[in-house]
Amino acid sequence: MMSEKKMTKLAKEQSEVVIAAPLAEAELRAWVRRRIESQGAQASDEAIDVLLRRAGTQLSALANEIDKLALFAGSGGTIEAAAVERLVARTPEENVFVLVEQVAKRDIPAALQTFYDLLENNEEPIKILALLAAHFRLLSQVKWLASLGYGQAQIAAALKVHPFRVKLALAQAARFADGELAEAINELADADYEVKSGAVDRRLAVELLLMRWGTRPAQAGRHGRR
């Protein structure tokens, strides 16, 4: 019988390392379309946009959602954006993206409703604060790297996030001035400390932040420093 040491040596000699890099956006969209067509259905470009925003870029999660949508559309049917919005639940990260978009528009009633929807889905306010902080940091980072001349793929590689997520973040970051992003990150850190120290109720801390952001006038120079 071969010893464990010899088996390990043989495995190393005959093994091959495969680096599974994330698919580029065009490749990801092509994969989604092929998966849909393999189920006997079609999909509009808008439906694929909504699916990628809602389900994310993990292929296993996308496959599950595509199979469900194809079953709903039926053989020869077309998956439309409305069906994706109806059948594919938002991830907490997608809800935070929507919430920040509402903040950028100063639509605080809508932002508060998104926050309450997250609470209804049993998301803890402290987790929502953490997700908001991570999202605003991402916006700040992509905006800074873009100002240095980095392209979308380079930013994705530098930050180790999917290029599609970088694309969405770049578009959203353009809605904020640099000072707004930095201030939001600092305010989120303060709110996190106040909640964890017991100085402020968890739910109230998020509500106060959203209302403060909503009443703050938009800063000049939305596109950052020249």
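Every number in this text was worked out from the coordinates using simple rules, so none of it is lab data. Note that the structure is predicted; figures quoted are calculated from it, not measured. Neighbour counts run over all protein chains shown; Cβ positions are idealised from the backbone, glycine included.
Structure data summary
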read-out	value
Relative contact order (percent, whole number), the range 25-87, Cα cutoff 8 Å, 6+ residue spacing	43
Net +/- balance of residues flanking Gln141 in space, Cβ distance below 13 Å, scoring K and R +1, D and E -1	+3
Approximate shape of the chain as ellipsoid semi-axes (Cα gyration tensor, √5λ), whole Å, largest first	36, 25, 20
Environment charge of Gln154, counting only residues whose C-beta is closer than 15 Å and scoring Lys/Arg +1, Asp/Glu -1	+3
FRET efficiency, Leu87 to Ala134 (Cβ-Cβ, R0 25 Å, nearest 0.05)	0.40
Stretch gain in nm, segment Glu124-Arg175, where the contour uses 0.36 nm per residue and the Cα spacing is subtracted	15.6 nm
Label-point gap, in nm, between Lys196 and Gln42 - each point 7 angstrom along Cα→Cβ	5.3
Relative contact order %, the chain, counting alpha carbon pairs below 8 Å whose residues are six or more apart	18
Isotropic mean projected area of the C-alpha convex hull, the range 92-215 (nm²)	7.3
Relative contact order (percent, whole number), the range 92-215, Cα cutoff 8 Å, 6+ residue spacing	34
Relative counts (whole %) of C-alpha pair distances in the range 25-87, using bins that are 10 Å wide	25, 65, 10
Label point 7 Å beyond Cα of Arg106 along Cβ direction - residues of the range 176-194 with amide nitrogen under 19 Å	176-184
Stokes-Einstein D for the range 137-195, Kirkwood Rh over Cα pairs, 20 °C, 1.002 mPa s (µm²/s)	179
With 10 Å bins from 0: P(r) over the range 34-141, alpha-carbon pairs, percent	14, 39, 29, 16, 2
Amide proton proximity set for Gln42, modelled H, under 5 Å, gap of 5+	Gly77, Thr78, Ile79
Potential extension, Ala182-Asn64 segment - 0.36 nm per residue separation minus Cα distance	38.7 nm
